[in-house]
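Inspection log for the structure reproduced underneath, given as structure tokens.
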Amino acid sequence: MKVLITGGCGFIGSHTCVELQNAGFDVVIADDLSNSKAEVVDRIEQITNKRPEFIKANLSDKEECKKVFEACGKDIVGVINFAAFKAVGESMTKPIEYYKNNLGILLNVLDNMRQYGVSYFVQSSSCTVYGEPDSLPIKETSPVKDATSPYGHTKQIAEQMLGFITSASDIKAIALRYFNPIGAHESALIGELPNGVPNNLLPFITQTAAGIRKELRVFGNDYPTPDGTCIRDYIHVVDLAKAHVVAMKRMIEHKNKKDLEFFNIGTGHGYSVLQIINSFEKTTGEKLNWSFADRRAGDIIQIWADTTFAKEELGWQAKEDIDSMTLSAWKWQQRLDEKK
Ligand code: WQD
């Protein structure tokens with residue numbers, strides 16, 4: 001069976017391609033390479049000995065999206081949709097681009113799925129939809145708060161659109177609400193490739209340790225948490241990738257119980273920024289240069305997932321621990337630096 005992965009050259013998309021191929025699926029990747037590199041296709045082939053088909057396309061363009069489905073629409077059983085702009089800070093300064101791109105891709109892909117009779121859709125969603133939780137751990141039934149960025153808003157709107165579209169069509173969907181994906185495949189052949197200065201914690205840590213960045217600034221040490229720094233549910237990107245395979249198989253095997261289902265994809269454990277730094281230094285033996293700085297606007301204090309529903313209903317749970325996440329991120333950074 002064949003699956004289309006939009007944004008499949010990206011961080012989570014490439015790892016999902018590997019896990020889909022490992023599970024026996026064939027894969028077509030459609031990616032505009034605006035935030036990824038075509039050589040990722042070679043790396044995936046190196047890992048699995050199966051080369052995914054690759055189509056360079058800007059799926060927010062109706063004609064380009066149509067061409068992708070003309071090429072593969074009759075052969076695919078489902079679509080996993082990663083293609084989106086995803087920088088929270090950038091979205092604050094470019095809201096129109098974010099709404100046009102992220103929602104335009106979603107609508108073009110779903111419209112072509114309908115035309116080609118493709119039924120199963122996995123949406124890349126985010127714990128960002130919850131905002132600052134009222135209680136923890138956070139459940140799928142916890143209230144979705146008003147978005148605090150256009151990026152987060154596009155994730156919320158996408159979920160709402162999927163509700164109406166799946167009710168009115170033969171398309172079934174599962175939205176996976178990611179917590180904080182970090183780490184890299186054990187081969188260190190694929191991983192996170194941030195453009196420019198990283199926004200996210202782990203790439204900034206690994207680039208600091210590699211000497212690319214001078215110092216990591218820890219944004220805030222006066223939060224109401226045990227050590228004063230923010231807490232997040234970090235999840236190994238390979239565990240996250242495997243969740244997409246399970247979600248797609250759930251629909252193919254008609255085990256889904258609603259037209260649209262939501263699952264929290266986290267580990268259920270929260271770690272503070274300082275705990276991540278400690279894990280990194282412990283697993284790598286590197287001494288990290290860091291200092292406290294002011295809080296970052298828009299950061300929530302703490303969040304971690306209630307993973308009961310994903311475990312019981314989806315039959316999935318994260319396996320990798322925090323140390324394997326930080327070490328794999330470092331091995332990936334070291335390989336990136338060797339290539340330079
Ligand atoms: C984690 C913690 C920072 C950088 C974002 C998106 C979310 C998802 C994951 C896409 C926070 C602290 C960070 C630094 C720091 N992205 N930090 N110094 O903000 O939880 O989530 O990325 O889907 O939607 O919102 O992740 O890695 O940016 O920050 O102290 O240089 O690390 O303050 O507490 P975040 P992050």
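The mean accessible area for residues of the range 66-118, using a 1.4 Å probe and ignoring ligands and nucleic acids, is 49 Å² per residue.
Of the listed pairs K255/K331; K37/K258; K100/K340; K214/K339; K56/K139; K66/K86, which have alpha-carbon separations greater than 29 Å here?
Numbers: K255/K331 38 Å; K37/K258 36 Å; K100/K340 35 Å; K214/K339 21 Å; K56/K139 37 Å; K66/K86 24 Å.
The answer is K255/K331; K37/K258; K100/K340; K56/K139.
For the chain, the share of DSSP beta bridges that are antiparallel, to the nearest 5, is 5%. Given in Å, the Rg to one decimal and the Dmax to the nearest whole number for the Cα atoms of the range 204-303 are 17.8, 51.
Hey, got the dipole for the range 131-187? About the Cα centre, +1 on K and R Cβ, -1 on D and E Cβ, debye to the nearest 20? Mind showing how you got there, number by number?
Working: 5 positive and 7 negative charges, 14 e Å.
For the range 131-187, the charge dipole is close to 60 debye.
Of the solvent-accessible surface of the range 249-319, computed with a 1.4 Å probe and all protein chains present, 47% belongs to carbon and sulfur. For the pair K74 and K214, a Förster radius of 41 Å applied to the C-beta separation gives a FRET efficiency near 0.20, rounded to the nearest 0.05. Multiplying each eigenvalue of the alpha-carbon gyration tensor of the chain by 5 and taking the square root yields semi-axes of 31, 23, 19 Å, largest first, rounded to whole angstroms.
Charged side chains reduced to their Cβ positions (Lys and Arg at +1, Asp and Glu at -1) give the range 1-97 a dipole of some 100 debye around its Cα centre.
By accessible area, using a 1.4 Å probe on protein heavy atoms only, the range 50-107 has 58% of its surface on carbon and sulfur.
Do me a favour and compute the ellipsoid semi-axes for the range 34-99 from its Cα gyration tensor, root of five times each eigenvalue, largest one first, whole Å. Walk me through the numbers on the way to the answer.
Numbers: eigenvalues 130, 66, 20 Å².
The answer is 26, 18, 10 Å, longest axis first.
Label positions at S169 and K282, each projected 7 Å from the Cα along the C-beta direction, are separated by 4.7 nm. Our analysis of the range 259-340 gives Rg over Rh at 1.06, with the two radii drawn from alpha carbon positions and Rh computed by the Kirkwood formula.
If we sort 294-303, 237-246, 212-221 on the protection proxy, mean other Cβ atoms within 10 Å, highest first, what's the order?
Details: 294-303: 14.6, 237-246: 23.9, 212-221: 16.3.
Descending packing order for the listed peptides: 237-246, 212-221, 294-303.
Put a plus charge on the Cβ of each Lys and Arg, a minus charge on the Cβ of each Asp and Glu, and nothing anywhere else: the dipole of the chain about its Cα centre is then about 340 debye.
Tell me, what is the per residue accessible area of the range 142-297 in Å², probe radius 1.4 Å?
Numbers: 6760 Å² over 156 residues.
Here the per-residue accessible area is 43 Å².
For K258 and D321, a Förster radius of 25 Å and the Cβ-Cβ distance give a FRET efficiency of 0.20, rounded to the nearest 0.05. Relative to the dominant Cα principal axis of the chain, helix 11-22 is inclined by about 60°.
Directionally averaged projected area (the range 15-55, Cα convex hull): 2.6 nm². First select every other residue whose beta carbon is under 12 angstrom from the beta carbon of F179; then total the charges, Lys and Arg +1, Asp and Glu -1. That works out to -1. Hydrodynamic radius of the range 19-150 by the Kirkwood approach over all distinct alpha-carbon pairs: 16.7 Å.
The values are calculated or read from the model by the stated rules, or taken from the named source; none is laboratory data. Quick caveat: nothing in here was measured; it's all calculated off a predicted structure. As a convention, Cβ positions derive from the backbone with ideal geometry for all residues, glycine included, and neighbour counts pool all protein chains shown. Surface areas here come from the heavy atoms of the whole protein model, side chains and all, with no ligands, DNA or RNA. Shrake-Rupley method; radii C 1.70, N 1.55, O 1.52, S 1.80 Å.
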